Amino acid sequence: MSTILVTGGTGNLGSLVGARLRAAGHEVRVLSRRSPEFPVDLRDGAGLDAAAAGAEVIVHCASSPRGGDDVAAGHLIGAARRAGTGHLVYISIVGVDVVPFGYYTVKRKVERMLEESGLGVTILRTTQFHDLVAQAVGAAAKLPVVPLPKGIRVQPIAVEEVADRLAELAAAPPAGRVADMGGPEVHTLPDLARAYLAAHGSRRRIVTFPLAGRAYAAFRRGGNLAPGQAVGRGTFAEFLARAAEK
Ligand SMILES: NC(=O)c1ccc[n+]([C@@H]2O[C@H](COP(=O)([O-])OP(=O)(O)OC[C@H]3O[C@@H](n4cnc5c(N)ncnc54)[C@H](OP(=O)(O)O)[C@@H]3O)[C@@H](O)[C@H]2O)c1
């Protein structure tokens with residue numbers, strides 16, 4: 001059994017990964033800015049060496065769409081080297097190499113930093129989690145009509161299945177970039193929004209509008225999809241049904 005540091009271990013994905021690793025008998029350390037155990041801001045790195053000392057594996061789930069993930073990765077790579085960590089597992093997103101969207105560009109940069117670090121690394125790219133789609137549609141659904149970008153398709157996946165796979169990868173030797181994981185079905189965003197609205201008893205109207213820019217064009221081309229890797233099992237409809245039971 002190993003000592004495993006989970007960055008972002010308080011987050012949606014990281015908390016599930018930590019639970020799985022703990023259940024498998026590993027000693028899990030949880031790091032995030034607000035973690036009671038290892039309260040570290042990876043962008044400044046203070047306290048990171050103490051968190052990484054003795055960790056054989058680091059699963060890197062911490063991320064902020066507001067920026068700084070590349071700076072954080074630099075600190076993490078340095079700490080992993082100093083600690084002699086043999087394996088760093090990173091969760092990335094399908095399309096980071098073809099969709100020039102700011103957050104994705106930084107995640108692609110982090111992938112490259114890890115690949116070039118000389119450390120043992122494993123990189124898994126997945127499509128969007130069901131929760132993210134629900135959050136995005138839920139935010140739009142607060143308006144009198146539900147505005148959505150036109151022509152976007154999504155292939156959402158259950159975060160629990162991504163956590164299963166990350167826990168499995170963390171317990172195995174470094175594997176480099178592994179096969180992408182996509183959700184079981186590709187849907188248009190309005191179709192997913194209609195399912196969300198129906199599940200929430202809302203009859204709001206959806207309006208779609210085009211956007212400008214290269215990132216939007218790349219999303220429209222399906223750069224965020226992995227139809228050949230539709231390995232996820234849980235559907236968005238099942239996610240909505242489960243959420244309604246809670
Ligand atoms: N959501 C998706 O659809 C999706 C799809 C594919 C891949 N991913 C990737 O999966 C990962 C986790 O996503 P998630 O949805 O679980 O995110 P999340 O719920 O927002 O969790 C992010 C975690 O990172 C921590 N964090 C953020 N900034 C930090 C910093 N500067 N230093 C230390 N910790 C920091 C947060 O805790 P504190 O706030 O306490 O710091 C939190 O624990 C991300 O890398 C994301 O790109 C997500």
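Structure summary
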{"item": "Answer from LEU42, LEU21 - the residue that is touching a Ser or Thr at 6+ places or on another chain (Cβ under 9 Å) and assigned to a helix (DSSP H, G or I)", "result": "LEU21"}
{"item": "Failed item in (1) free of Cβ contacts under 8 Å to residues at least 60 places away in the same chain; (2) surrounded by fewer than 21 Cβ atoms within 10 Å (Cβ to Cβ); (3) within 11 Å of the ligand (Cβ to nearest atom); (4) not charged (D, E, K, R), with ASN12 passing the rest", "result": "(1)"}
{"item": "Matching entry among ARG33, ARG43 (being open to solvent by 40 Å² or more (accessible area, probe 1.4 Å), near the ligand (Cβ under 6 Å from one of its atoms) and free of Cβ contacts under 8 Å to residues at least 24 places away in the same chain)", "result": "ARG33"}
{"item": "From the options GLU111, GLU115, residue that is of a type in the set (Asp, Glu), open to solvent by 30 Å² or more (accessible area, probe 1.4 Å) and more than 9 Å from the ligand (Cβ to nearest atom)", "result": "GLU115"}
{"item": "Where a residue in the range 63-86 is on the phi > 0 side of the Ramachandran plot and its partner, wherever it lies, is open to solvent by 60 Å² or more (accessible area, probe 1.4 Å), with Cβ under 6 Å and at least six apart", "result": "GLY68/ARG43"}
{"item": "Residue count, the range 119-142 (criterion: more than 9 Å from the ligand (Cβ to nearest atom), open to solvent by 10 Å² or more (accessible area, probe 1.4 Å) and touching a residue at least 12 places away in the same chain (Cβ under 8 Å))", "result": "7"}
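To keep it simple, each residue is scored yes or no on (1) over 20 Å from MET181 (Cβ atoms); (2) hydroxyl-bearing (Ser, Thr, Tyr); (3) under 15 Å from the mean Cα position of the chain (by Cα).
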{"site": "ALA62", "(1), (2), (3)": "no, no, yes"}
{"site": "GLY78", "(1), (2), (3)": "yes, no, no"}
{"site": "ARG82", "(1), (2), (3)": "yes, no, no"}
{"site": "THR85", "(1), (2), (3)": "yes, yes, no"}
{"site": "ILE93", "(1), (2), (3)": "no, no, yes"}
{"site": "VAL99", "(1), (2), (3)": "no, no, no"}
{"site": "MET113", "(1), (2), (3)": "yes, no, no"}
{"site": "GLY120", "(1), (2), (3)": "yes, no, no"}
{"site": "LEU132", "(1), (2), (3)": "no, no, yes"}
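The values are calculated or read from the model by the stated rules, or taken from the named source; none is laboratory data. Remember, predicted model here, so these are calculated numbers, not experimental data. Because the Cβ atoms are built from the backbone with ideal geometry, glycine has one as well, and the counts that use them run over all protein chains shown. Ligands, DNA and RNA are stripped out before the accessible areas are found, and what is left, the full protein with its side chains, is counted by its heavy atoms. Shrake-Rupley method; radii C 1.70, N 1.55, O 1.52, S 1.80 Å.
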